[in-house]
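Reading through the structure tokens given below for one structure.
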């Protein structure tokens, strides 16, 4: 007895810190010991990760403010939205900015580069086609197709080397620090008419190749490689990286420019042709044939080179002295980067954004004194409200009549933003869908900023939005070479000529337009990935177009339009009908509609909601095959792979929404019967569902039960079926709880026991009346009445509104009656008040977002499959799934199970449960102020709250659904598994060759368990629901046709659950048990380390332990051998084998 | 005599260590099991002056009864030691009088048994002594008296749990009759006492009188306090004196400072979690 209290003492005296930790470490007392020991070593770091209410003394709070402080406060109020945001922005900028020290190192490197470039020797003149002077170690970084071209080339050192771009402006951001250097070619190299037929680009490439050869021999550089300017494959550039440890410090990009005023701007207008068909196609010009097509992109690429310096000057003039603008540009770059918008050909890159800021400054929408946050906001506001695909903008304000009109540009380019010369379109390569994506993102971000959410910064700037997580469905086109054929099919020869043979960018615009038109109202947004910019060694040929990865398209769907299977066309006699027929090809049919109209229409085959969700797949496949000659083998559509996991057991075409609707309809009928029931002493005032099925979130919806009597033992006098020991376990039927409220009455007794009796009497009466009036099979117990209706079993619970209050009443000695929460009252309130409210709120959510059901079910399926399901209440997981729809920022609410599930994984793996409550704002009932209030009271009460706190409008303080778990360890485990599953699943889904085995992330890791108990499938009623669906299972005593008479089927009989209940009751102090209720065949057992410490003998804690003498002292340890045998004894018939995997208890 | 036999038992079971005062008796489910659990038994004794529901000297206190061992089973296992009056299984040792009123089987949720403690009352004290000398291993389930476990047990449990509405109705009716009688009695008693002063001359005022009073509940008294408070607040002038102005300003500033402090803490936390790297 002696040592126990002595050991207890210091632990208890550890202080308040202990209280805090225990609350978070969970309910398990045994963990306390381990964690307190850990804390001694780890000390404060873990502690500092926890937010605490600020502690400021009165004197500090109320001291006279200094001028400085007042100024800062005022500035914060005016320039930023809140002080938190200001601090966050400052921190972020600190993180992405280059440090002075690094800048010095980069400057030194640049100086060296400059000198080396000047020293490159010149070579004598040679024909452009004669490239024999080029050493074999270096290849020309350009596809020279067609090879023959006029002109000659010689190398002379550049006349001018200048640094341009973001490095000088100080707006370049980590992690990829690039310094752009513009090298001006001497005029002697160029000849007249070099703008024609890629001659200029050939010279540029040769110039670069020669430069590369000489620089590569220099030991100063760690690597010398080629790449493309913004992915444009006619414009290679040279990448130089320092040698040694600075290799990743900086990348210097060498751009080649023509001398100033070499090209006549009027020759490079968008409607001019500079690539002759005769040369490009290798044919003699047709006699008096069609005029040469304009080459706007080609012209722009030349213009870009000429304007490089003037752009740099303009930007440094605007941004030069204004710190706020620079901050703003840096923030915008981060914003674009997180959305993967800035990279690749046609990306909305940092340069365009900087120019946009310059534009807004010139139109006085941005002032130079604005803060970075305000600049970000203004630019987003501008983007959100201005559609550059309709109305272009220009930085040029001169009214020179020789300048081309904006309309000329609009004809040639989808997006128009002219620079200050009025001749160059800065957004020439940006496709319409890229710009729409930018606009969409800007709109979302503005909504987020306006909502004043306090995690706005995180969502806006710190949350990456990879395509797979941002779009409902994505599709890969592979191999890219297929697009070449598509180009020809779509007759895009002029575009090919313009793009110098780059069929991917040539076809991108028409392809997206085609799909947008085809998907019509189903589509919210179509985006395409921008191909990554390749980088290659100078001794290699430039990569071919087809090698540049895959083209990925992302579809954001419109949930409302998804349910329709019909594409309604014009009436048959209208002239548009021909166009419709041409567009849809063989799928278009003439149909007569109910209103008598005869119309062209396309009907897609889809029976269930999951198939309807995949209609876009049919549309895309059909249209691409029809118009672009891309067969379906080249289209890899990622949208419904995860559906397999929540599919019905029998039919594989539905993900269960239909089955759930059938049950809900049956429930509606039952509630109507209850409303109209005659002869009940009190009338029914409300019928509310309280079961996952009735909020569409039951993983496997129930099927109507039609028992085969021969399979059961009959209990005739009570019309019930019983399981038989000699047969496999019968099918699992879970009664669906329905709460039935009765009208108020003063006749109810005011004593808790008596109320229970009266309720029981009501249950009996209910059963009687339902049998009499509606001929339903009923079975009443003291707490509920089970009703069999159409093969579904409902469990009706009569509730009395005042009962929780009666249970709460406490009479003080003075006779004052006060209300105190008791476990019984809380449970009753939860079951009869909160659960129905939640169920109806989520039922409503399902009506708004049809994907909610499948997402929630997938989520639960996964958590259960990880064997962690029993630690979480069903409701808490439903609420987490609901939060994905109610607060989707920075995304839009998911419209497919796949994207919802991915976001769940990312939410769970990143959410900081310690410091934040998850606010699930059902029906938008909580105002912003209330949410702020909730957050602050959360911080103050953190120690008393459960580990995982979920707040709903109905439950603002307590977090009812997470009150009894999970413990901190289980939550941690869930976070770990989710963090591991997310990248695996994303990789599988984005792999254009196919996802492989999609069930990988659903299989639990079993190596962490100490003991595995293998169960026999014979007695697992839900065996067929297993993740890896068994090829064969046992007959469960069901018929396909309705049986002759109705008998109450076996309800809630699930041997694994009964077994687990016994295990937990007997060994809950010694071990944790993990099981997947959906057909799991194994129970994982984890010994609790603390209970395996030898403990002194106490009469109150001898459960399953045995006394041993250890070192002369008598202590108790768990009797492991006997316990392992007990596992088999308790589960006789169910347990196949008990496998002890670790020897951890023999310490 | 009891003390000596205990010592003897302790000496005999050297192989099985047992805590002081207790005797360990191995117990197994059946012949097939290799390892066994240990029952720790001793004579039930309480401190002087404490009430106990079980008779002293005749009661055996048993710790660590495995979950598959029922009351009948324990009674059978210990009956060779002497005639047994009663066996009671409980979740934990409980010295005070246990609630002996018969629990309704309809209104009491069935408990899933874990390891339990037992109080076995023998008819004679000699039974206790004999039990303390038991060697074991005791077998819970034998060929002649099989104990159901696993699937068989669950099926029979399910069968037992199928409700019998008639019995339930009967029980409800009897209870409610008794309850109504009790309430009626109380009411008539209250009516009799209405307006009758007690020995010190106080009259109890109830809600049933001619002029009902406020119910004595916390909610009601809170409501009254709240009303008072509101009344007072209405009369108060807030923007009257200069110091009030000053103070509201100061209060605002203090709020801002507090918020700032909180924000700084948040930032610190985010920095620690490396939440400022957008890559």
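Bear in mind that the values in this text are calculations on the coordinates, not laboratory data. Small disclaimer: the values here were computed from a predicted structure and weren't measured. Because the Cβ atoms are built from the backbone with ideal geometry, glycine has one as well, and the counts that use them run over all protein chains shown.
Just to be sure I understand: if I project the alpha-carbon convex hull of the stretch A:1007-1140 onto a plane and average over all orientations, what area do I get in nm²? Numbers along the way, then the final one.
Details: hull surface 43.2 nm².
Projected area, direction-averaged: 10.8 nm².
What value, in deg cm²/dmol to 500, does the helix sum -39500 (n - 2.57) over DSSP H runs of n ≥ 4 give at 222 nm once divided by the residues of chain B?
Numbers: 7 runs with 116 residues, N = 279.
So the helix-based figure for chain B works out to -14000 deg cm²/dmol.
Round to a whole angstrom and tell me the spacing of the C-alpha centers of the stretch A:1016-1046 and the stretch A:391-413.
72
Could you work out the Kirkwood radius for the stretch A:92-262, taking every pair of different alpha carbons, averaging 1/r and inverting it, reported in Å? Each step should come with its number before you reach the end.
Values: mean 1/r = 0.0593 Å⁻¹.
Computed over the stretch A:92-262, the radius equals 16.9 Å.
Quick check: Cα centre of the stretch A:894-943 to Cα centre of the stretch A:73-127, how many Å?
Cα centroid of the stretch A:894-943 versus Cα centroid of the stretch A:73-127: 37 Å apart.
Which whole number in µm²/s is D for the stretch A:879-971 by Stokes-Einstein, with the Kirkwood Rh taken over Cα pairs at 4 °C and 1.567 mPa s?
Numbers: Rh = 13.9 Å.
So the translational diffusion coefficient is about 93 µm²/s.
Using only Cα atoms and rounding to the nearest 10 degrees, what angle (0 to 90) does helix A:350-362 make with the longest principal axis of chain A?
80
Starting from the alpha-carbon convex hull of the stretch A:480-602, give the projected area averaged over all orientations, in nm². Working shown, then result.
Working: hull surface 39.9 nm².
The Cα convex hull of the stretch A:480-602, projected and averaged over all directions, gives 10.0 nm².
May I ask for the equivalent-ellipsoid semi-axes of the stretch A:732-799, computed as the square root of five times each C-alpha gyration tensor eigenvalue and listed largest first in whole Å?
Values: eigenvalues 109, 32, 19 Å².
They are 23, 13, 10 Å, listed from largest to smallest.
Ranking A:321, A:1016 by Cβ neighbours within 10 Å, fewest first, what do you get?
Working: A:321 10, A:1016 19.
With the sparsest Cβ surroundings first, the list reads A:321, A:1016.
So for chain A, averaging the separation of alpha carbon pairs under 8 Å that are six or more residues apart and normalising by length, what relative contact order in percent results? Before the final figure, lay out the partial values.
Details: 1885 pairs, mean separation 109.9, N = 1147.
Relative CO of chain A lands at 10 percent.
Kindly provide the helix-only [θ] at 222 nm of chain A, computed as the sum of -39,500 (n - 2.57) over DSSP H runs of four or more divided by all residues, to the nearest 500 deg cm²/dmol?
On the way: 36 runs with 441 residues, N = 1147.
Rounded to the nearest 500, it is -12000 deg cm²/dmol.
When the scattering of the stretch A:692-813 is computed by the Debye formula from its Cα atoms alone, each counted once and equally, what is log10 I(q)/I(0) at q = 0.14, 0.15, 0.20 Å⁻¹?
So the normalised log intensities are -0.76, -0.84, -1.18.
Binning at 10 Å from 0, report for the stretch A:623-671 what percent of all alpha-carbon pair distances ends up in each bin.
Reading the bins upward from 0: 21, 25, 26, 17, 9, 2.
If you take the alpha carbon radius of gyration of the stretch A:178-304 and divide it by 2.2 N^0.38 Å, what ratio comes out, to two decimals? Let's see the in-between values first.
Working: Rg = 17.5 Å, N = 127, 2.2 N^0.38 = 13.9 Å.
Ratio of Cα Rg to 2.2 N^0.38 Å: 1.26.
Give me B:92, B:28 sorted ascending by neighbouring Cβ count inside 10 Å, so fewest comes first. All intermediate terms of the calculation are to be shown ahead of the outcome.
Values: B:92 12, B:28 21.
Least crowded to most crowded, the residues run B:92, B:28.
Ratio of alpha-carbon Rg to the 2.2 N^0.38 Å globular estimate for the stretch A:541-651, to two decimals, please. Don't skip to the answer; put the middle values down first.
Details: Rg = 17.7 Å, N = 111, 2.2 N^0.38 = 13.2 Å.
Computed over Cα atoms of the stretch A:541-651, the ratio equals 1.35.
Beyond 15 Å, what share of the Cα-Cα pairs of the stretch A:175-232 is found? Please give it as a whole percent.
On the way: 1040 of 1653 pairs.
That tail contains 63 percent of the Cα-Cα pairs.
Using Cα-Cα distances under 8 Å and only pairs 6 or more residues apart, what relative contact order does the stretch A:308-452 have, in percent? Display every interim value, and only then the final one.
Details: 190 pairs, mean separation 35.0, N = 145.
Worked out over the stretch A:308-452, it gives 24 percent.
Can you give the Kirkwood hydrodynamic radius of the protein assembly as shown from its Cα pairs, in Å with one decimal? Intermediate results must be reported in sequence, preceding the final value.
Numbers: mean 1/r = 0.0261 Å⁻¹.
About 38.4 Å for the protein assembly as shown.
What does the average come to when, for each residue of peptide B:248-258, you count the partner chain Cβ atoms lying within 10 Å of its Cβ?
Details: counts 0, 1, 5, 2, 0, 8, 6, 1, 6, 10, 6.
Average neighbour count from other chains, rounded to a whole number: 4.
For a quick check, take a GNM of chain B with Cα springs below 10 Å and name the residue from B:243, B:54, B:202 with the largest mean-square fluctuation.
It is B:243.
Just for the Cα atoms in the stretch A:1069-1133, what are the lengths along the principal axes, largest first, rounded to whole Å?
Extents along the principal axes, in whole Å: 48, 22, 21.
Mind checking which of B:84, B:267, B:27 has the largest fluctuation in a GNM of chain B, springs on alpha carbons under 10 Å?
So, out of B:84, B:267, B:27, the one fluctuating most is B:267.
Calculate how steeply helix A:16-25 sits against the longest principal axis of the alpha-carbon atoms of chain A, using the helix alpha-carbon long axis, and give the answer as 0 to 90 degrees to the nearest 10.
90
Going 7 Å from the Cα of residue B:222 along its beta-carbon direction, which residues of the stretch A:774-809 have the amide nitrogen within less than 15 Å of the resulting point?
Within reach of a label on residue B:222: A:805-806, A:808-809.
Could you tell me how many degrees, from 0 to 90 and to the nearest 10, lie between the Cα long axis of helix A:968-990 and the main elongation axis, the longest principal axis, of the Cα atoms of chain A?
40
Between B:174, B:248, B:59, which gets the highest mean-square fluctuation from a Gaussian network model of chain B, Cα cutoff 10 Å?
Of the options given, B:248 has the highest mean-square fluctuation.
Between the stretch A:590-635 and the stretch A:461-476, how far is it from one alpha carbon centroid to the other, in angstrom?
26
Kindly provide log₁₀ I(q)/I(0) values, in the same order as q = 0.11 Å⁻¹, from the Debye equation applied to equal alpha-carbon scatterers of chain B.
Rounded to two decimals, the profile gives -0.85.
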